[in-house]
1. Taking the condition of being open to solvent by 30 Å² or more (accessible area, probe 1.4 Å) and of a type in the set (Ser, Thr, Tyr), how many residues in segment 10-45 meet it?
2. Please work out if residue 19 is away from ligand 1 (no atom under 16 Å from the Cβ), within 16 Å of the chain's Cα centre (by Cα), within 24 Å of residue 204 (Cβ to Cβ) and modelled with pLDDT of 95 or more.
3. Working only within segment 113-135, note down all residues that are among the hydroxyl-bearing types (Ser, Thr, Tyr), within 13 Å of ligand 2 (Cβ to nearest atom) and under 12 Å from residue 165 (Cα atoms).
4. In the set 192, 250, which member is open to solvent by 60 Å² or more (accessible area, probe 1.4 Å) and either under 17 Å from the mean Cα position of the chain (by Cα) or closer than 19 Å to residue 27 by Cα (or both)?
5. Taking the criterion of being within 16 Å of ligand 1 (Cβ to nearest atom) and either modelled with pLDDT under 95 or of a type in the set (Val, Ile, Thr) (or both), would at least one residue in segment 236-253 satisfy it?
6. Which of the following residues is closer than 22 Å to residue 12 by Cα and more than 15 Å from ligand 2 (Cβ to nearest atom): 96, 148, 140?
7. Checking residue 225 against (1) away from ligand 1 (no atom under 16 Å from the Cβ); (2) hydrophobic (A, V, I, L, M, F, W, C); (3) outside any helix (DSSP H, G or I); (4) farther than 28 Å from residue 143 by Cβ, which test does it fail?
8. Using the structure shown, decide if residue 25 is under 20 Å from residue 204 (Cα atoms), touching a residue at least 60 places away in the same chain (Cβ under 8 Å) and touching a Cys at 6+ places or on another chain (Cβ under 9 Å).
Amino acid sequence: MENTTGMLRDDALKGKTIIITGGGTGLGKSMGTYFLQLGANLVITSRKLDVLKQTAAEMEAGTGGRVLAVACDVRKYDEVENVLKLAIEAFGRVDILVNNAAGNFISPTERLSANAFSSIIDIVLKGSVHCSLALGKYWIAEKIPGTILNIITTYAFTGSAYVVPSACAKGGVLAMTRSLAAEWGRHGIRTNAIAPGPFPTKGAWDRLLPGEMMDKFGFKNRVPLKRMGEHQELANLAAFLVSGFSGYINGEVITIDGGEWLQGAGQFNALEMVPAEMWDSIEQATRKA
Ligand code: HXC
Ligand code: NAP
């Protein structure tokens, strides 16, 4: 199937060094693996060094590429600066940043403590700010035409109940994407975003659809295409957006969700529940009117 195989030519990211936050698990791991297949050097970072090291070993064995694993809590700016320093020591320079790390869980907002709200904002919004700031300062000083790719969500633009801290934070990252695209474009720095719909990962599913929630509120039926995303589909889009092949795309957010958010938005979309055999009588009624 085309959507489970790589899309770009083998050398599309050759010689590029890419930092992916949250690169040890889930979508970060899938994107990173594909970037390595396309010739990139990879730096993966998150809080859990044991997970990162295991992923790095798997990635190197599977692709023959080079992976540096560095522990870093993106909420701490000095730790982000340390990742950049170690990446430059290892690979000579850094070309691309993927802000992928996130924290999230479902909860009625009134049940949240102030600290719970802040911890999501700190990981998602401030973490993305910290990484973009550190890389942006470096790229501008060194005259490197870097690229930032932010992984947001579709509710960054629609909002969503029960994940309000995440919606606020992702909305902020979307604003940062467009703002930096305008401000740093003159340095040759491009900033774009991907808004994924449902792509199964353990990290997201354990926190957003725990236990029986999966059966009752699973995503699949909300998507017009009636399926969830394949990780390779996201990796293909991410690789294109960080590669030179998308060199004139700046400040854009690309949704990859099988039409999910529009399904929720269109006033009459729920009519898909109407059984086919009912449409004759409905037609008669509407013609009469
Ligand atoms: C209510 C909760 C809570 C919960 C934590 N808290 N979990 N409150 N319901 N389920 C509260 C804690 O009590 C604490 O507040 C505060 O939040 C911080 O919690 P800690 O456990 O101390 O924080 P920390 O160790 O930093 O962990 C952060 C985390 C955790 C976000 C809570 O889940 C995590 O590490 N997540 C990383 C991975 C992740 O979330 N992946 C999913 C991304 S999915 P108090 O007041 O008690 O101190 C995603 C996709 C969206 O974004 C779209 C999908 C379709
Ligand atoms: P995931 O596997 O849980 O990924 C989140 C990553 O962030 C983990 O590797 C985690 O590693 C890291 N992280 C969390 N807090 C951190 C911190 N303070 N500092 C550094 N790293 C931290 O979930 P995922 O589904 O792959 O999500 C990846 C991205 O896709 C997120 O931005 C998410 O919002 C977005 N997204 C996912 C979906 C989906 O359907 N899966 C849909 C829309 C958007 P540690 O625990 O080791 O720190």
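1. Final tally of qualifying residues: 3.
2. Values: away from ligand 1 (no atom under 16 Å from the Cβ): yes; within 16 Å of the chain's Cα centre (by Cα): yes; within 24 Å of residue 204 (Cβ to Cβ): yes; modelled with pLDDT of 95 or more: yes.
Spelling it out, residue 19 is indeed away from ligand 1 (no atom under 16 Å from the Cβ), within 16 Å of the chain's Cα centre (by Cα), within 24 Å of residue 204 (Cβ to Cβ) and modelled with pLDDT of 95 or more.
3. The first filter runs over segment 113-135 and keeps only residues among the hydroxyl-bearing types (Ser, Thr, Tyr), leaving 113, 118-119, 128, 132.
With the extra rule that they be within 13 Å of ligand 2 (Cβ to nearest atom), the set shrinks to 118-119, 128.
Answer for segment 113-135, where residues must be among the hydroxyl-bearing types (Ser, Thr, Tyr), within 13 Å of ligand 2 (Cβ to nearest atom) and under 12 Å from residue 165 (Cα atoms): 118, 119.
4. Details: 192 fails: open to solvent by 60 Å² or more (accessible area, probe 1.4 Å).
Step by step, each of 192, 250 is checked, and only 250 is open to solvent by 60 Å² or more (accessible area, probe 1.4 Å) and either under 17 Å from the mean Cα position of the chain (by Cα) or closer than 19 Å to residue 27 by Cα (or both).
5. yes
6. Working: 148 fails: more than 15 Å from ligand 2 (Cβ to nearest atom); 140 fails: closer than 22 Å to residue 12 by Cα.
So the residue among 96, 148, 140 that is closer than 22 Å to residue 12 by Cα and more than 15 Å from ligand 2 (Cβ to nearest atom) is 96.
7. Among (1) away from ligand 1 (no atom under 16 Å from the Cβ); (2) hydrophobic (A, V, I, L, M, F, W, C); (3) outside any helix (DSSP H, G or I); (4) farther than 28 Å from residue 143 by Cβ, the lone unmet condition for residue 225 is (1).
8. Numbers: under 20 Å from residue 204 (Cα atoms): yes; touching a residue at least 60 places away in the same chain (Cβ under 8 Å): yes; touching a Cys at 6+ places or on another chain (Cβ under 9 Å): no.
No: the conditions fail for residue 25.
The values are calculated or read from the model by the stated rules, or taken from the named source; none is laboratory data. As the structure is a prediction and not an experimental result, all values here were calculated from the model. Cβ: placed from backbone, ideal geometry, glycine included. Neighbour counts: every protein chain shown. All accessible areas refer to the heavy atoms of the entire protein, side chains included, with ligands and DNA or RNA removed. Shrake-Rupley method; radii C 1.70, N 1.55, O 1.52, S 1.80 Å.
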